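Here's the structure, in structure tokens; my notes come after.
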Amino acid sequence: MSTGDVMYVSSNGFGMGHLTRLMAMAGRRSDGVRPYVVSMSRAVPLVADQGLDYEYIPSRDDLGIGARRWRFVFAERFASVLLRERPDVVVFDGVHPYEGVLASRTVLPGVRLVWSRRAMWRPGLVAQQLASSSVFDVVVEPGELAAELDAGATVGRTDAVRVGPVTLLDHADLLPREQAAAALGVDPDRPTALVTLGVGSIKDVESDVGRVVNGLLGVPGLQVVVTRPTIASAQSDLPPGVRGVWLYPISRYLAAVDLAVAAAGYNSFHELAGFGVPTAFVANTTTGVDDQPARARWAQRAGVGLDVPVLDASGVRRVVDELGDPGRRAVLRAALEQVRRPNGAAAAQAQVEGLLPRRAR
Amino acid sequence: MSRLVQAGIEAARRLPWLRERAGRAVDAVVRASSVPPPALRPGAWSLGLGAAADDLPVVVVDVTGLATEPVQALVDRLPEVGAGVRFVLVVDGPQLAVGRRAGVVVEHLIDQGAWAHRHDPAGWPAYRTERFDQMRSTYRPHRVLALPSGDPDELGRALVRAPAPTAWRRAWSRAERLLDPPPRGRAGPHARR
């Protein structure tokens, strides 16, 4: 059994991918490991629900300030956290290790460093930060179902330990359909669509969310659940048949979901695909590094999901026509079963714990 | 001064050796700065001010101990009671997103209970002092206020008018903003097409 202190550090980024991967790893720690989460994500208080202590450092985006000023602010703040918490291992999940993280050993000699480095970088990016890989004791690469379409800067590198796709939950953690439906506020005997696209108001019929929800409401018998960050209104303002939910992790309730419309971020993609939900992936093309369009293309090419680059009238029609058809959904579910891979979170955590200095015999 | 800085930036972009040296020089300027960080989020209600928002004083408001509802109520009234001020709200609960939605900077303090999970409880006052020292160093605030009641009217009364920044401080802020520009806005992709 491993013992020691592990500090999990996540950058901000879109969505919650970085933080969720770290939580997936921390959730599989050995009994003697004391985790601590340091994050620039405003969602970090959620980790307290998983029994983890945390600390928030405002990201550059949260402060709105220049990169140089923020670099100094972060370095000073992170150094004080390191000196206070004195972790044995720092695990960083993000695509650009900050100077403050890279300087950890200067502040705390002997600390070991792990980079949880997601693949699938957008092709053509200048990836100078990969040069800092050698600063880390271990680079762990969370698996990618869509790896065959990865044309980014991490492809071909031999410096990473590759594990399976990392998701917060395992299949066994999902609630049974009846319980999940009750939590979502839907009828378990009717089909349910989950719309989780991020920004956009359901009341704005010109937004992607508004358009696709309106389309889905036209499918006979279909119930629509929208994750709350996508809506600006209270439940009472939602159209009949639409439920607004804010549940984390939403994947726990996927047994009650028959189809989904989602962005193609690492997290949602691997949860929805891994847990067998037929999904229309609407890639977010504004992410800095993540190649979401390639992930969505792979889903279409592998026959396990839909690639809907734009949710205009024809995109919405495709979603409704294909995912609204129970027969088509059954085909997609069967295909998803074929590509499913075991969760890589435990293997990633094992790499982290392999660096801990004290191991009980 | 702005034109001079702009000309320097253009020259540095063209020449790598100059870019590297200029980068080091800019780092030195930013390190030596004693003005609040230029472009520090001024609150959604002040966005129209642009670079002029850099002249607004920064006030750190400690609302630790409050639940999310009163923090939300305070944030809702900030445009009214705190026009002309840039706020940094200090919370110790899960209210990080509340301030962000209003474009207000939020800092988080570990509360005494969470502190005791990992450290000697006697060390918490020193931690708290260190964190406020860090905030003074980071934000160069005009004032640091404790607002345990969360009462917006009390905050309004406590906001003493700050002296206008000197011409030198204004010039420094503008120059630093040019040398170390704020991030460009990142809109979500699914809002409107």
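No value in this document is a laboratory result; all are computed from the given coordinates. For clarity, every value in this text was computed on a predicted model and none was experimentally measured. Because the Cβ atoms are built from the backbone with ideal geometry, glycine has one as well, and the counts that use them run over all protein chains shown.
Here are the numbers for the structure shown:
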read-out: Residue (of A:VAL339, A:SER39, A:ALA280) at the positive-pole extreme of the protein assembly as shown, dipole from beta-carbon charges; value: A:SER39
read-out: Label-point separation, B:ALA167 to A:ALA67 (7 Å along Cα→Cβ), nm; value: 3.4
read-out: Selected from A:TRP246, A:ASN267, A:GLY327, residue furthest toward positive end of dipole (region A:171-339; charges at beta carbon); value: A:GLY327
read-out: Average partner coverage of A:66-77, which counts Cβ from other chains inside 10 Å; value: 6
read-out: Net dipole in debye of region A:171-339 [+1 Lys, Arg Cβ; -1 Asp, Glu Cβ; about Cα centre; nearest 20]; value: 100
read-out: FRET E, pair A:VAL135, A:VAL155, Förster distance 22 Å, beta-carbon r, rounded to 0.05; value: 0.55
read-out: Calculated P(r) tail over 20 Å for region A:171-339, as whole % of Cα pairs; value: 46
read-out: Values of log10 I(q)/I(0), in the order q = 0.13, 0.15 Å⁻¹, for chain A under a Debye, Cα-only, solvent-free model; value: -1.03, -1.31
read-out: Electrostatic dipole magnitude of chain B [Cβ: Lys, Arg +1; Asp, Glu -1; Cα centre; debye, to 20]; value: 1180
read-out: Cβ-based charge dipole, the protein assembly as shown, positive-most Cα from A:VAL73, B:PRO148, B:PRO70; value: A:VAL73
read-out: Per-residue average of Cβ from other chains inside 10 Å of B:36-43; value: 4
read-out: Sparsely packed GluC sites (Glu not before Pro) within region A:65-123, loop by DSSP, other Cβ within 10 Å at most 16; value: none
read-out: Cα-based helix-to-principal-axis angle, B:2-14 vs chain B, degrees rounded to 10; value: 70
read-out: Virtual spin-label span in nm between A:THR106 and A:ARG318, 7 Å along Cα→Cβ; value: 4.9
read-out: Inter-centroid distance (Cα atoms) of region B:96-142 relative to region A:53-123, Å; value: 18
read-out: FRET efficiency for B:TRP17 and A:LEU217, using Cβ-Cβ distance with R0 set to 60 Å, rounded to 0.05; value: 0.45
read-out: Estimated inter-spin distance, A:ARG190 and A:ALA48, nm [label 7 Å along Cα→Cβ]; value: 3.7
read-out: Simple Cβ-charge dipole of chain A, Lys/Arg +1 and Asp/Glu -1, about Cα centre, in debye nearest 20; value: 680
read-out: Sites A:ASP170 and A:ALA147 - FRET efficiency at Förster radius 22 Å, r taken between beta-carbons, to 0.05; value: 0.55
